[in-house]
Amino acid sequence: MPCRSPLRRLGAPLLVALAAMSISAATLAENYNTQGLEHHGDWQSLSVALGAERHVRAVQRASYTDAMLSVNATPGACLSPWLELRSALGAQQPHSEVVNAVPVDVLVDDHRALTGRAVLTTERGDDGLYLRFDELDVAALQRQMTTGTTLNLRIRMSDSVADYWFMAFSLDGAGEALERLAVLCSRQAGGA
């Protein structure tokens, strides 16, 4: 059964306190036009567009009522996918800002944990907190996801304090969604 994301509890005071600089656009903003949505168990695959910007996504929205995890790729750069998490904060944000950059661990079942950093951002007029995972071996993660059952996240909310958030996402259908993401990305890159 879906539950609420622990990230929602961050709230506006923490966002204001950690705000560091502006960003141009969040890649999961809700105002993208979607196309070709297909369901794969707990996952979905689709194409999104906003003006000339185009992406393909494998998305998991089933594990939490207010959070979604996605693997994203851009036609023309299909071999450089990225992992992103969106958690609803409950209020539209007044500014587009980089909130923080924190260490993260991603673990699929009993595989070796993959480590990296997550850049936390907000987007003006959007109620989401976005975590874009950097320094993470996404190709290895995708291989693990195709056969795994659960993807676990451990997000350290500060470099200086041991304050962790833990989240778990079902991987039922992830393999099919990631396979379709690759097909959509290649197809759109060839037509671009």
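Couple of notes before you dig in:
- Model label sites at Val161 and Leu79, defined 7 Å from Cα along the beta-carbon direction, differ in position by 4.3 nm.
- Here the Karplus curve 6.51 cos²θ - 1.76 cosθ + 1.60, taken at θ = phi - 60°, turns the phi angles of region 121-127 into couplings of 9, 10, 10, 3, x, 10, 9 Hz, with x standing for Gly and Pro.
- A Förster distance of 30 Å, applied to the separation of the beta-carbon atoms of Arg143 and Leu37, puts the FRET efficiency at 0.75.
- Carbon/sulfur fraction of accessible area - region 128-192, other protein chains in place, 1.4 Å, %: 49 percent
- Here region 86-142 is treated as a Stokes sphere of Kirkwood radius computed over C-alpha pairs; at 20 °C and 1.002 mPa s its diffusion coefficient rounds to 173 µm²/s.
- Filtered GluC sites (Glu not before Pro), region 83-192: DSSP coil and at most 15 other beta carbons within 10 Å: Glu135
- Semi-axis lengths (Å, descending) of the ellipsoid that matches the C-alpha gyration tensor of region 106-192: 25, 20, 12
- Computed with a 1.4 Å probe over protein heavy atoms only, the accessible surface of region 48-104 comes to 36 Å² per residue.
- Evaluated over region 50-171, the Cα radius of gyration and Dmax, each in Å: 14.4, 41
The values are calculated or read from the model by the stated rules, or taken from the named source; none is laboratory data. Computed from a predicted model, the values in this text were never measured in an experiment. So basically every Cβ, Gly included, is an ideal-geometry build from the backbone, and we count neighbours across all protein chains shown. Side chains are part of the model used for accessible areas, which takes the heavy atoms of the whole protein and leaves out ligands, DNA and RNA. Shrake-Rupley method; radii C 1.70, N 1.55, O 1.52, S 1.80 Å.
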